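Chemist: I am attaching a structure below and will ask some questions about it afterwards.
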Amino acid sequence: PAMHTEPAQRIEIVIESPLQERLCRALDRAGVTGYTVLPVLGGRGRSGSWTREGQVSLAAGMVTVLCITRKERADAVLEAAFAVLETHRGVVSVSECSVVRDERF
């Protein structure tokens, strides 16, 4: 039989490393039950290209915080993210996804 899936929202937040803890606390307060933090190795944006190795310190780098949440919680998650990102560099993307074992989200 086919695996049963449920719709969800995948929210990816690329943010400066020093803001990671602040963002994660905001996500906790917004009811996010889990997230994953990934190092960003480099990229290109309005400021040009950069690499993690080219940074003076890792604190000057970027991380991606990835969370998957139910659709009804997505607005609260985005509000929490934007409260942290308001005056800092960062990118937020939202996409629809399907999850298995939706009780975990």
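The values are calculated or read from the model by the stated rules, or taken from the named source; none is laboratory data. Treat the numbers as computed from the prediction; the structure is a model and nothing was measured. Please note: Cβ atoms are built from the backbone with ideal geometry, for glycine as well, and neighbour counts cover all protein chains shown. When the accessible area is computed, the model is the full protein with side chains, heavy atoms only, and any ligands, DNA or RNA have been set aside. Shrake-Rupley method; radii C 1.70, N 1.55, O 1.52, S 1.80 Å.
Chemist: Can you tell me which residue among ILE15, ILE11 is assigned to a strand (DSSP E or B), open to solvent by less than 40 Å² (accessible area, probe 1.4 Å) and modelled with pLDDT of 95 or more? It would help to see each step written out before you state the result.
Modeler: Working: ILE15 fails: modelled with pLDDT of 95 or more.
ILE11 is the lone residue from the list that is assigned to a strand (DSSP E or B), open to solvent by less than 40 Å² (accessible area, probe 1.4 Å) and modelled with pLDDT of 95 or more.
Chemist: So for segment 74-93 (the condition being acidic (Asp, Glu) and modelled with pLDDT of 90 or more), does at least one residue qualify?
Modeler: yes
Chemist: In segment 42-59, which residue that is part of a loop (DSSP other than H, G, I, E, B) and surrounded by 11 or more Cβ atoms within 10 Å (Cβ to Cβ) is modelled with the lowest pLDDT?
Modeler: GLN55
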